[in-house]
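Notes for the one structure printed next.
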Amino acid sequence: MGKETSVPFRLQWQMRYSWTPLRRRTRNAKWLRLVSAMVLLLRTFYLLASIHRHRRTLFDKYGPTLYTRLSPVEEAKLASRRWQWHWQWHGDESHPERGGYSRDKLMANRGEWEQLASGFEGEAFTYRNCAIKVYNTHNAPFRNCIPGAELELRWPTEISASLVLGGLAEDHLAPGSDFLPVVDYFLAPPTDDGVAGWHFVTPYMPSGNLESLGRRLRESETRYAACDLDMLFRSSFNKLLNALRLMHDEYDLCHDDIKPDNIFLKSPGQGLGPENTTQWLLADLGNVRQLSHPYHSSLLWVHLSKSLPDCRANDVFRLLKTYLAFIRSAVHDVAAFDGDFLQGGQPWSRLFWATKRDIDRGRPVAAAGVLARSTTRELPGEEPRSLQEYGGGQSDAGSPLTRAVLGREYAISRAVTDMLRTRAGEDVARRWGLVPLLGVPVPDCSPEK
């Protein structure tokens, strides 16, 4: 019988407890893996929710525009088959409003078109006295269906909105003389790549838009002051306010994209001087939507674009910003403009601050009310504002650090730029919505009513 070997007590104790740190480390590793899995799950959930939220706001933006207050004549315009390629205009092509325009001649001479611009929605060309816009559906899908068309055939909202608000150039009874009229629109036959393209034809405005006018005035030999330009162009601004009143009150529509390059200049004369550029036309109606459109309460509208809840007030305030940004771009002494704007002592600056005060206090802002103020020019002087208030809470230009490092004049200039900036981009929503991978979410289009 073998002899039992006794193990010393100290060695027994060490053997008993030597596995304890390993067990503790194992339990800790399990908890660490569990916490990591939970964090990963939460981050995945947040990412999926953010993707869904941003795709939903794009879905809202690209919903169709409904026309609910049309006359029988306007309904007939939208229901017309004029968009079809083989449709023929039965009338005198030498009519002065058509300028000898012919759809066949236009397309046959495509090689002579001169490119004006290339942008997010497509390309713009000029040929003789016409401007032609060719749409790109890859970036901006069409939102509206053609009334009565089969297979939910879509067309650019800009065409339908321009027909309603601007009317046909050949029609002497066009309802909106302050909107760019329509010469022609059609779905051209497929090209070599098999894609049929929408074409939108309007009168060519050689004087350009407000952005180019401001640049020409600043580069001219005459040194313009803000008060001089306001005296010259205030009536032009007032006419656009009246155009917004028409759009808001009689059609229940909002423009949603007012900015300097969407206001065209109709020149009655041959020159490009200020006296020949006082007739302004509201153009680029591709973002027109009804007042109750879901986009006006979406994440993109309220939080990302910082737009006002009431799209009518938003249109009016954007037009006012656009007008003052144009004047600022045309004056020779920008610092003097900025100082007058801050002091609120000039008629144009008083109009701005009075309107902004109404917005900040939650008062209704309508085109008719601002038009009445602008016409009478009877507004009390404004109290000088601090640079922080001047920035409107949207910029760090009024911070002491910015003033100390970059100087007060730069801080004021930057604050004015921020205050007069118009925002309507969707880049953030497109990135978070994985548009390059998944495309733009577009709802089913509804027939115009």
* Show the residue pairs that are 6+ apart or on different chains and have beta-carbon atoms under 9 Å apart, the first residue being within the range 76-95 and in the same structural domain as Gly167 (by TED's automatic domain parsing) and over 17 Å from Pro147 (Cα atoms), the second being at pLDDT below 95 and aromatic (Phe, Trp, Tyr). => Trp89/Tyr101; Glu93/Tyr101; His95/Tyr101
* Asked: Has the range 62-85 got at least one residue that is over 30 Å from Leu285 (Cα atoms), modelled with pLDDT of 90 or more and among the basic types (Lys, Arg)?
  -> no
* To do: Name the residue, out of Asn209, Asn144, Asn136, that is without any contact (Cβ under 8 Å) to a residue 40 or more places away in the chain and in contact with an Asp or Glu (Cβ under 8 Å, 6 or more places away or on another chain).
  => Asn136
* Asked: Which one is nearest to Thr157 (Cα to Cα), of the residues in the range 248-260 that are in contact with an Asp or Glu (Cβ under 8 Å, 6 or more places away or on another chain) and assigned to a helix (DSSP H, G or I)?
  -> His248
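Condition check ((1) in the same structural domain as Gly100 (by TED's automatic domain parsing); (2) surrounded by fewer than 18 Cβ atoms within 10 Å (Cβ to Cβ); (3) modelled with pLDDT of 95 or more; (4) in contact with a helix residue (DSSP H, G or I) (Cβ under 8 Å, 6 or more places away or on another chain)) across all residues:
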residue: Gly119; (1), (2), (3), (4): yes, yes, no, no
residue: Phe125; (1), (2), (3), (4): yes, no, yes, no
residue: His138; (1), (2), (3), (4): yes, yes, no, no
residue: Pro141; (1), (2), (3), (4): yes, yes, no, no
residue: Ile159; (1), (2), (3), (4): yes, no, yes, no
residue: Asp171; (1), (2), (3), (4): yes, yes, no, no
residue: Gly176; (1), (2), (3), (4): yes, no, no, yes
residue: Pro189; (1), (2), (3), (4): yes, yes, no, no
* Asked: Does Ala424 meet the test of being under 25 Å from Asp333 (Cβ atoms), modelled with pLDDT under 80 and either within 22 Å of the chain's Cα centre (by Cα) or outside any helix (DSSP H, G or I) (or both)?
  -> no
* Among the residues of the range 302-311, is any buried (at least 18 other Cβ atoms within 10 Å of the Cβ) and in contact with a strand residue (DSSP E or B) (Cβ under 7 Å, 6 or more places away or on another chain)? -> yes
* Which one of the conditions (1) under 29 Å from Glu211 (Cα atoms); (2) at pLDDT 90 or above; (3) in a helix (DSSP H, G or I) does Ser413 fail to meet, given that it meets all the rest? -> (2)
* Determine whether the range 371-391 contains at least one residue that is within 20 Å of the chain's Cα centre (by Cα) and at pLDDT 80 or above. => no
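The values are calculated or read from the model by the stated rules, or taken from the named source; none is laboratory data. What you are looking at is a predicted structure, and each value in this text was computed from that prediction instead of being measured. All Cβ positions, even for glycine, are placed from backbone atoms using ideal geometry, and neighbour counts span all protein chains on display.
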